[in-house]
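Read-outs throughout are calculated quantities, based only on the coordinates presented, and are distinct from any laboratory measurement. What you see is a predicted model; the values in this text were computed from it and never measured. Glycine gets a Cβ as well: all are built from the backbone with ideal geometry, and neighbour counts include every protein chain shown.
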Amino acid sequence: MTKPCLPPRAVTSAPRWQAPASSTDCHFHINGPYERYPLSPGRSYSPPEATVPAYQAMARAIGIDRMVIVQPSTFGTDNRCTLDAVELLGRDHSRAVVVIDESVDDAQLRQMHAQGARGVRFNAVSGNGTPLAQLESLAAKVAPLGWHIQFYTHGAQIADLAPIIRKLPVTVVLDHMAGVQGDRGTASAEFRAAVGLLQSGQAYVKLSGYRSSVKGYPYEDVAALARGYIDAAPDRCVWGTDWPHPNLFGATHMPDDGQLLDLLGEWAPSDQLRRKILVDNPARLYGFPT
């Protein structure tokens, strides 16, 4: 039996600063409606519905104009909900990261590209994903389309994967601070490995930091990691809410996306840095107009 998890907040607070025009939420999920998009029987948790209108209300509250929907593990390789959400949000300002396996053919990839897909996710944390053994073959398949590979891993795996990643013919994206936890810090092998990939020009990191927090709200223990990534490679950092904040069980604090954007403002205090992370870097990575 899969575990239920908490729903997102019904009301999002307004951030203390205004995000620049064309700011991008590079990581969130759409779940449902489930009568149209049934959950995968192989999932490890059962999220409440989190639909496009609910996301749009949150995005308006914090000033987000562009969006990148990430296929959650709860749908396996059935990408219909994610790709249909791109259509609802508008292909001119939304993109998708999908989950596929080696059975996908070139025609299916071209169709998904036309529907807004720009990357493939490997999820080694939540289960119900594509095995890492298929990494090299799928990278070869998506490289002609200019897609990237996105990794959701535990931090310790990044150091092991780094030599393999460097040989891939694609850009890579590291989810959730590359999986590095707040108590590991910037001196850890996993942080150094992630920074090495960023500085090589092959990788980006998503500064969706609350999942890296060991101490919990207000997530102060992730500030050093975030600032470390920004200082090391400001042109390779993007940001995401991770709305609707799935896979939280028994949590006493559901993240508030306005407060999460305020955290980014603390990590990147200048207008120039904020524009890089929210506008320029996502435009380059996902192919949004500049």
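Worth a mention:
- Our note on the geometry: Cα centres of region 225-273 and region 145-190, 17 Å apart.
- Counted by Cβ distance under 12 Å from GLY116, the other residues give a net charge of +1, where Lys and Arg count +1 and Asp and Glu count -1.
- Using Cβ point charges alone (K and R +1, D and E -1), the dipole size of region 35-162 about the Cα centre works out to roughly 300 debye.
- Between ARG36 and ALA143, the simple spin-label model (points 7 angstrom out along Cα→Cβ) gives 3.7 nm.
- Mean Cα-pair separation over length for the chain, i.e. relative contact order, pairs under 8 Å, 6 or more apart, %: 23
- A Cβ-based charge dipole, computed about the Cα centre of the chain with Lys and Arg at +1 and Asp and Glu at -1, lands at about 260 debye.
- Top positive-direction residue, dipole computed over the chain with Cβ charges, set MET254, GLY32, GLY216: GLY216
- Distance from the alpha carbon centroid of region 1-66 to that of region 79-137 works out to 18 angstrom.
- Estimated distance in nm for a label pair at HIS253 and ALA156, the labels positioned 7 Å out from Cα along Cα-to-Cβ: 2.7
- From the Kirkwood radius over Cα pairs of the chain, Stokes-Einstein at 37 °C and 0.692 mPa s returns a whole-number translational diffusion coefficient of 175 µm²/s.
- About the centre of its Cα atoms, region 128-275 shows a dipole size close to 480 debye [charges on the beta carbon of Lys, Arg (+1) and Asp, Glu (-1) only; nearest 20 debye].
- Distance between the pseudo-spin-label points of GLN199 and ARG60 (7 Å out from Cα toward the beta carbon): 4.5 nm.
- Length gained on full extension, ARG16 to ASP235, computed as 0.36 nm times the residue gap minus the Cα-Cα distance: 76.4 nm.
- Over region 169-242, relative contact order from alpha-carbon pairs under 8 Å, at least 6 apart, %: 37
- Residue-averaged [θ]222 nm for the chain, counting only DSSP H segments that reach four residues, each worth -39500 (n - 2.57): -9000 deg cm²/dmol
- Listing ARG43, ARG16 from fewest to most neighbouring C-beta atoms within 10 Å gives ARG16, ARG43.
- Cβ-based charge dipole, region 190-290, positive-most Cα from ALA268, ALA203, VAL279: ALA203
- Panel order for SER270, SER188, by other beta carbons found within 10 Å of each beta carbon, from fewest to most: SER270, SER188.
- Residue (of SER126, PRO244, VAL142) at the positive-pole extreme of the chain, dipole from beta-carbon charges: VAL142
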